[in-house]
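Report on the structure given below.
None of the figures in this text is laboratory data; all of them are computed from the coordinates on show. Bear in mind the structure is a predicted one, so any value in this text is a computation, not a measurement. Quick reminder, even Gly has a Cβ in these numbers, built from the backbone with ideal geometry, and neighbours come from all protein chains shown.
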Amino acid sequence: MTTFEIFQFPCLNDNYGVLLHDEASQTTASIDAPEAAAIRSALAKKNWSLTHILNTHHHHDHTGGNLDLKTETNCTILGPRAEAGRIPGIDVQLSEGDTYTLGSSNLQVLETPGHTLGHIVYWFAGQNTVFAGDTLFTLGCGRVFEGTLDQMWTSLQKLMKLPPATVIYSGHEYTQANAAFALSIEPGNSALQARAKLIGDMRAHNEPTVPTTLKLELDTNPFLRPDSQEIQKILGLIGADSAEVFGEIRRRKDSF
Ligand code: ZN
Ligand code: FE
């Protein structure tokens, strides 16, 4: 199976830029475009030429570099159909179930509304990789700005059904704060305790905690664990349905 090379780099305050490169076809895609300058340097460093931008949602820290990069490289910009009017330079509008061929790889689009109403993620089944934007973070999930809590929970459940070995890239390095919150509502989760310690060490050495895997998130990310007895007990929601527990976890995180 052919695969692409992935190069991840920090940009803006706490965003991640990611480049995918397929050598055979000389295809190079940027996942979102937080900042033209950082992406330009990453491309120069790898000696790659940009051919595509894959936008997950319209927020400026994901689209701010679109137009400069398009002017410089004539790249093709993909993004959510539902937010097409707010994705600068969009060429290809995508919705649920759409597929797209990128070099020798195929991607599938999953709609994950909640953070924004049109948010999409890019799933490369053949590479076991999903680019989740601001929907699912390492030990966290995106703030629900435009959608409802129920919508966000439905979106996360969609991601939870991907193969457990799926590698998850996301838009931000928020993990240390996420770990502190996770421990506050599930302190007895030993996998979480061990992971929080590891994350502390990684951040102390300035190492990225992105990507993660779905398996790790299912075991430790509180937003994917509304069925946890301990979480339900701490929130006073024993036996409540998972959507309700998820909503309460998200509300608590907003004011943590
Ligand atoms: Zn965002
Ligand atoms: Fe963001």
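Taking the criterion of being within 16 Å of ligand 1 (Cβ to nearest atom) and buried (at least 21 other Cβ atoms within 10 Å of the Cβ), the residues of the range 45-69 that qualify are Ile53, Leu54, Asn55, Thr56, His57, His58, His59, His62, Thr63, Gly65, Asn66. Can you find even one residue in the range 171-182 that is of a type in the set (Asp, Glu) and within 16 Å of ligand 2 (Cβ to nearest atom)? Looking through the range 171-182, at least one residue is of a type in the set (Asp, Glu) and within 16 Å of ligand 2 (Cβ to nearest atom). For the range 70-120, a residue qualifies if it is more than 15 Å from Ile31 (Cβ to Cβ), in contact with an Asp or Glu (Cβ under 6 Å, 6 or more places away or on another chain) and part of a loop (DSSP other than H, G, I, E, B), and the qualifying residues are Glu96, Ser104, His115, Thr116, Leu117, Gly118. In the range 139-214, counting only helices (runs of 4 or more DSSP H) that sit wholly within it, none holds 2 or more residues that are within 15 Å of ligand 1 (Cβ to nearest atom) and over 24 Å from His119 (Cα atoms). Scanning the range 10-63 for residues that are part of a strand (DSSP E or B) and within 16 Å of ligand 2 (Cβ to nearest atom) yields Pro10, Cys11, Asn15, Tyr16, Gly17, Val18, Ser30, Ile31, Ile53, Leu54. Considering only residues in the range 220-239 that are of a type outside the set (Val, Ile, Thr) and surrounded by fewer than 16 Cβ atoms within 10 Å (Cβ to Cβ), the one that is nearest to the chain's Cα centre (by Cα) turns out to be Asp227. Does Arg143 count as among the basic types (Lys, Arg) and under 14 Å from the mean Cα position of the chain (by Cα)? Criteria met by Arg143. Annotation: Leu67 fulfils all but one of (1) within 15 Å of the chain's Cα centre (by Cα); (2) among the aliphatic types (A, V, I, L, M); (3) not in a loop (DSSP other than H, G, I, E, B); the unmet one is (1).
Quick grid of which residues meet (1) surrounded by 17 or more Cβ atoms within 10 Å (Cβ to Cβ); (2) touching a helix residue (DSSP H, G or I) at 6+ places or on another chain (Cβ under 9 Å); (3) under 30 Å from Asn189 (Cα atoms):
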| site | (1), (2), (3) |
| --- | --- |
| Thr71 | no, no, no |
| Arg81 | yes, no, no |
| Ser95 | no, yes, no |
| Thr116 | yes, yes, no |
| Val130 | yes, yes, yes |
| Thr138 | yes, yes, yes |
| Cys141 | yes, yes, yes |
